[in-house]
1. Checking the cross-link filter: which lysines have an alpha carbon closer than 18 Å to that of residue 150, excluding same-chain neighbours under 8 positions apart?
2. What trypsin sites (Lys or Arg not before Pro) in the stretch 136-227 are in a loop by DSSP, with at most 15 other Cβ atoms within 10 Å of the Cβ?
3. Where does the chain land at 222 nm, in deg cm²/dmol rounded to the nearest 500, when only DSSP H runs of n ≥ 4 count, each adding -39500 (n - 2.57), divided by all residues?
4. With a point put 7 Å past each Cα toward its Cβ, work out how far residue 58 is from residue 300 in nm, to one decimal.
5. Please enumerate, by chain and number, the lysines with C-alpha under 17 Å from the C-alpha of residue 217, excluding those fewer than 8 residues away in the same chain.
6. For the pairs 104/335; 167/190; 166/240, flag any whose C-alpha to C-alpha distance is greater than 27 Å.
7. Between residue 381 and residue 7, what's the calculated FRET efficiency when r is the beta-carbon distance and R0 is 56 Å? Round to 0.05.
8. With both bridge residues required to lie in the chain, what share of the DSSP beta bridges run antiparallel, to the nearest 5%?
Amino acid sequence: MPIEFSERLKTLPPYLFKELDRVRDEVRARGVDVIDLGVGDPDRPTPVHIIEALKKAAADPANHQYPVYSGMNSFLEVVADWYRRRHGVELTAKTEVCSLIGSKEGLAQFPLAFINPGDITLAPEPAYPVYRSGTLFAGGITHFMPLLEKNGFLPDYKAVPEDILKKTKLLWVNYPNNPTGAYADLDFYKELVDFALKRNIIVASDAAYSEVTWSGKPHPSILEVPGAKQIAVEFHSLSKTYNMTGWRIGWAAGCPELIRGLGLVKSNVDSGVFQAVQYAAMEALNGPQDSVKETGELYKERRAIIVDGLEAAGLFVFPTEYTFYVWFKVPKGLKSADFASRVLNESGVVVTPGNGFGPSGEGWARLALVQEEVRLKEAALRLSKLKF
Ligand SMILES: Cc1ncc(COP(=O)(O)O)c(C=O)c1O
């Protein structure tokens, strides 16, 4: 029987990294020692005390049944306490926080709760692709806001044409930013909340990297802005803060009606997060935070190694003290994809072409600092020898 994919799947944009993956496998098959700095998945293990909490909770039969869909009360309270300590924000745990099976899950489902066919969402580009696919699955239309170097990679949402704004229901932002490493200050969020309240636009702020920094300046939350809880929701994750990408836990917090809508979608699709993982997450958020600081320092050192190599090759690197991404310009006259495949072919280092995250990423490339120092030194040496 011929099997046809839904229109929704057919309209998904092609997987831009496919060609790069193919070349990587080909280069590897030639016997080249490939150093993969493509995917943003931390290489370091989850701290031991968090693993111990999981082990203990996994052994308790009380945790073997379906969890409460929106998260255990104790987990929601721990998240609310975290906001109080970290951001000075008061949240009512039961109505203003919801557990997620990793923030990706929440980002992808969120539009299903609020977007009708034909509604517009504003999304940055270059960006994490889920804002676009989530909108598309809900039947919405994404209008892209280019992130440009001259604006510090912040979106110029005020430049969106009036006819688009009229149909806009939801706006996505993501700081600290993947792929650029850019960050936003509280004034940015204040202006955004003000704009969104005036225009009746929901704001979804993806803060997955808020704790990945060595700047000494904690990244603000949109929820710190007075009035934000009327229109904004923040998506958060334990993945990058505690090296827990495989554990699949995060949360959404903010406007109670937005949390309620997301929860309604989720209760029809999934059955919550394994309670043992929630206990481990509580230990992560309440336990010693030394590892968070150490992780930031580690990325600082790793970044210095790679930046030296890129600068020796004559390439401009966008400065930042957030995230584990290095966003840099490809040599003049080269397309990002051609640059990435030349780097791979000539040095065995996998870098991601910036246009894979959206057209405004053309002319840029991204590296993820997710390999040990010795491998990064080797990558930096190989990159420094490249001639363009
Ligand atoms: C910007 C951004 N948001 C969200 C996520 C999803 O993270 P998780 O689902 O592991 O919480 C990622 C993962 O790479 C990301 O880069």
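1. Once the sequence-local lysines are set aside, what remains near residue 150 is 158, 329, 332.
2. Numbers: sites: 150, 158, 166, 167, 169, 190, 198, 199; in loops: 167.
Answer in residue order: 167.
3. Working: 14 runs with 158 residues, N = 388.
The per-residue figure over the chain is -12500 deg cm²/dmol.
4. 3.4
5. Answer for residue 217, where 17 Å is the Cα cut-off: 293, 300, listed by chain and number.
6. 104/335; 166/240
7. 0.70
8. On the way: 18 of 38 bridges.
Within the chain, antiparallel bridges account for around 45 percent of the total.
Throughout, read-outs are computed from the coordinates displayed, never taken from laboratory work. What you are looking at is a predicted structure, and each value in this text was computed from that prediction instead of being measured. Quick reminder, even Gly has a Cβ in these numbers, built from the backbone with ideal geometry, and neighbours come from all protein chains shown.
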